[in-house]
Structures are given as structure tokens and as C-alpha cells.
Amino acid sequence: MKRSRLSLIALAGAAALVLSACSSSGDGAGSGSGGTGSGGGDDANPAVVSNPSFEAGTTMEKLSKAGKITVGVKFDQPLFGEKGLKGEEGFDVEIAKIIAGQLGIAADKIDWKEAVSANREPFIENGEVDIIVATYTINDKRKEVIDFAGPYYIAGQSLLVKADNNEIKSEKDIVGKPVCSVTGSTPAENLAKLGAETVLTDTYSNCLEPLRSGKVVAVSTDNVILAGLAAKNEGEFKLAGDLFTEEPYGIGLKKGDTAFKDFINKTLEDSYTDGAYKKAWDKTAGTILKFVDGPAITE
């Protein structure tokens, strides 16, 4: 399925937004979005379609009849996926709720499973989750074993450094230097290609202590993740330089399930036009970052 309009997400604009985010307060956490489709919605959760009908034998029918869905999300990434006092919060979480709602599944019937970068494909292949919405960059290597719907957001890789570090101004300044990222992630692969000395861990939050202690000179991943970490630790860190990649976030699902992928893409498209996508953003990442309309769906 292709979306005819052009993406409205510009990397240059995103860079400016993230740089301004570092001086903003708040943790970026939140939950809720507006309604999508029929059925009632409120400020807490997206609308849930009443008694939806799907073709027999499809994943949509199976999930709708079961009345539950298992979703892989990040638990440690402010703004997009974080486990807070009220449960799972963030933009990815709200996107998953919108999809579940179109299946007739209420938010409290979603089984949230922590997904880290290294386990996302195995979770999908082994059937441990139905979908993964976890700052999941679409790339050809991953598409060999799973399928993606989307993209629903375009991010870009950047650098997080200590607030008093004025030496690192771009990705050129990390060549040969220790930089922390996450095992199995696209940013880690990009760092290796750049010639940085990669220091790998399982979650981006675990990169902050090595950055504080000076064991690494920077943390590198997508700009929105770094903006969340900077906002969560106000005054300690800042973003350095411009974005140096384009990272389209997709929703991971079982390879070959075209009907389910098309359903998710249609749900995303509808959310762009009916306001649910923007409400999801405003409640979560929008507390730090300016809203930019959803990108063109190409998968």
C-alpha cells in the first residue's frame, strides 16, 4: 500500500526541534489519544470499534475474537515507550492502542511485552508478540525475516553528550572514540561504519552512566530517543550536531501476513486524517517535540 502524499517530516526541521527539546522541561510521559473509527473514545484511550467484522482466517479475525493482543514496546525510552507508575506510556504505546481499538480491543486488554533492540525479530518470528511498536527502524536486513507496516514516523540518528562537552559537534568528531549504543540496533551498525569505537549494552538508559563517568564520549541513537533522555535528565546532557541518518519507524509483524499489514496501514492512514495520530503525539512526545504530520506509508 502506498500513500500518495509526500512525507511532511523534514530532517532539518527535526534536528531543530530536538535541539530545542533539550532545554524543555517534563519527562515526555503520558497516555491517551483521540478516537479512531466508530465507538466511543476519551482522553485516556483511543476509540474501540464495536463488533468489527473481518474475513475468516485472518489475523484480524483471530485477535478480534480473542479480545486481546500482545504488543512489544520499549520500557525505557521516554516519549516513545516507557514503563511508568500508570503502566506503559509513550507515542509507540498510543499507536498500538489505536491499532488495537480498530480490532475491537480495549487498551486494558493489551498484553505489553518489553522489547529491546536485540529481541524484536525473534519475538515476531516465534509468535511471542503479535506486533512490535518500538522505535523500530525499517531496513532490508530485518525485512528478510519479518514484515513492516508504515512507516508512521521518520526519525534520524544523532549524538548525546555531556552538557559541558563542546568538542563533539558532528559525527566526524566521534571517529576512533568510544560511543555507547545498543546491541542489535541500526545506530550501532552506523557507528561501526563511521569508525567509532562502539560500546554496546541492552538498553539506551544503560548508556547514561558510562557517559557520566567519561567511559564513552557520546551516546548515539535516534534523535527522539536522545531528546527524551535529555529531558529526563535535565541539565546533564545535550544533543550535538545535526542528524546524520534517516530512520523510518515501522510496525513489525509476521512475514507474509499481507492482510494484517494492509489493515495496519489503513488504520495509520485513518489516524492521520481523523486526528487520532496528532492527539497521540500531543499526549506523549508532543510534550517535548513539535508535531509534524505522519509520513507517507510505503511498505
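Other residues lying with their Cβ under 13 Å from the Cβ of Gly195 contribute a combined charge of -1, Lys and Arg counting +1, Asp and Glu -1. In a fully extended conformation the segment linking Lys65 and Asp202 would gain 45.8 nm over its present Cα-Cα distance, using 0.36 nm per residue.
Dividing the radius of gyration of the alpha carbons in the range 157-240 by their Kirkwood radius gives 0.91 for Rg/Rh. Shape annotation for the chain: C-alpha extents along the principal axes are 58, 38, 37 Å, from largest to smallest.
Divide by every residue of the chain the summed helix terms, -39500 (n - 2.57) for each DSSP H run of at least 4, and state the resulting mean residue ellipticity at 222 nm, rounded to the nearest 500 deg cm²/dmol.
That comes out to -8500 deg cm²/dmol.
For the range 157-240, the dipole from Cβ point charges (+1 on Lys and Arg, -1 on Asp and Glu) about the Cα centre works out to 120 debye, to the nearest 20. Relative to the longest principal axis of the Cα atoms of the chain, helix 11-21 runs at roughly 70 degrees. If you take all other residues with their beta carbon under 10 Å from the beta carbon of Phe54, and give Lys and Arg +1 and Asp and Glu -1, the sum is 0.
Of the beta bridges in the range 144-271, as assigned by DSSP with both residues counted there, near 70 percent are antiparallel. DSSP assigns beta bridges within the chain; of those with both partners inside it, close to 60 percent run antiparallel.
Pick from Val224, Val175, Val48: which residue has the top mean-square fluctuation in a GNM of the chain where Cα pairs under 10 Å get a spring? Among Val224, Val175, Val48, the largest mean-square fluctuation in the Gaussian network model of the chain belongs to Val175. The radius of gyration of the Cα set in the range 84-179, together with its Dmax, comes out at 17.4, 52 angstrom.
With a threshold of 26 Å on the Cα-Cα distance, the over-threshold entries among Lys86/Lys169; Lys86/Lys238; Lys68/Lys266; Lys238/Lys261; Lys232/Lys261 are Lys86/Lys169; Lys86/Lys238; Lys238/Lys261; Lys232/Lys261. Taking the chain as a Gaussian network of alpha-carbon nodes connected by springs under 10 Å, the highest mean-square fluctuation of the residues Glu167, Glu246, Glu234 belongs to Glu167.
Between Asn119, Asn45, Asn166, the Gaussian network model of the chain with springs among Cα atoms under 10 angstrom shows the greatest mean-square fluctuation at Asn166. If you take all other residues with their beta carbon under 9 Å from the beta carbon of Ala276, and give Lys and Arg +1 and Asp and Glu -1, the sum is -1.
The amide H of Lys113, built 1.01 Å from its N in the peptide plane, has Val71, Gly72, Val73 as neighbours under 5 Å, considering only residues 5 or more places off or on other chains.
For the range 198-230 versus the range 99-138, the spacing of their alpha-carbon centroids is 24 Å. Across the range 120-224, Cα pairs under 8 Å and at least six residues apart give a relative contact order of 29 percent.
Only the coordinates and a few stated rules stand behind these numbers; no lab work does. Predicted, not measured: the structure shown is a model, and the values here were computed from it. Backbone-built Cβ (ideal geometry, glycine too); neighbour counts: all protein chains shown.
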